[in-house]
Amino acid sequence: MAHRLTSRTIDDEASLRALLGEPLPIVRAKVSDRLNPLTRQFIERAPFVCLATAGADGACDVSPRGDPAGFVRILDERTLLLPERPGNRLADSLRNIVENPHVGLLFLVPGVDDSFRVNGRATITDDPALLAASAVEGKVPRLGVLVDIEAAFTHCPKAFLRSSLWDPSRYVDRSTLPSNGEIHALLSGGEVDATEYDAERAARYARRDGFY
């Protein structure tokens, strides 16, 4: 199927494999349907994970989640629990999971170039017994996402090495990018005051309002 900008598109796996080739046996062998004593350490040390979901119509979403390291709890070698913290109530990920349980997780450990990936099936729960151990600052999450693991594997560090993601000399000063208030002001046609919005948000975050 031609794209609006080019007629040179790859539309089937045979064409894709003709260009890329096949993965080596050692690469295929690293994918497991469960955690082991070594791979679980990536989840236990990760304070950040990206959650990928898709709705019934195939529309995709990726949402960042962060908390103290190990916040994604390992219930057993085949099951994870991701606590759902307060957010903006759009609930994109949760709405997608209700329609389509297939999810992907990308775990990142600061300063570590290898990442860890999990693909599986998600279930939303409000079980107090399961969620109690996910309390932070005395607050238990109202919801959690159970993930039954179907594939778990480390991902090679090439993306991190190419991007120099963890190199402090490459860090970007936040002030060189537009603020959230400036973006809202543009989208609202000037109805949102950028300076006021940014100040109010900074004050809320300083008080940790809505964190837990």
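One decimal place: the segment residue 165-residue 129 gains 9.1 nm when fully extended, by the rule 0.36 nm per residue minus the C-alpha distance.
About the centre of its Cα atoms, the chain shows a dipole size close to 520 debye [charges on the beta carbon of Lys, Arg (+1) and Asp, Glu (-1) only; nearest 20 debye]. Between residue 99 and residue 15, full extension at 0.36 nm per residue minus the direct alpha carbon distance yields a gain of 27.1 nm. Taking the Cβ-Cβ separation of residue 182 and residue 137 as r and a Förster radius of 41 Å, what is the calculated FRET efficiency to the nearest 0.05? According to the calculation, E is roughly 0.85. Distance between the modelled labels on residue 3 and residue 26, one decimal in nanometres: 3.3 nm (7 Å Cα→Cβ projection).
Label sites at residue 191 and residue 44, each approximated as a point 7 angstrom past Cα along Cα to Cβ, lie 5.1 nm apart. A simple spin-label model places the labels of residue 56 and residue 200 3.6 nm from each other, with each point 7 Å out along Cα-to-Cβ. Other residues lying with their Cβ under 10 Å from the Cβ of residue 160 contribute a combined charge of -1, Lys and Arg counting +1, Asp and Glu -1. Sorting 22-33, 53-64 by their mean Cβ neighbour count within 10 Å, with the most densely packed peptide first, gives 53-64, 22-33. Only one item in (1) 17.7; (2) 20.1; (3) 19.1 matches Kirkwood radius over Cα pairs in Å derived from the coordinates shown, and that item is (2).
Values quoted throughout were computed directly from the atomic coordinates according to the rules given, and no laboratory measurement underlies them. Everything numeric in this text was worked out from a predicted model, so none of it was measured. Every residue, glycine as well, gets a Cβ built from its backbone with ideal geometry; the counts of neighbours run over all protein chains shown.
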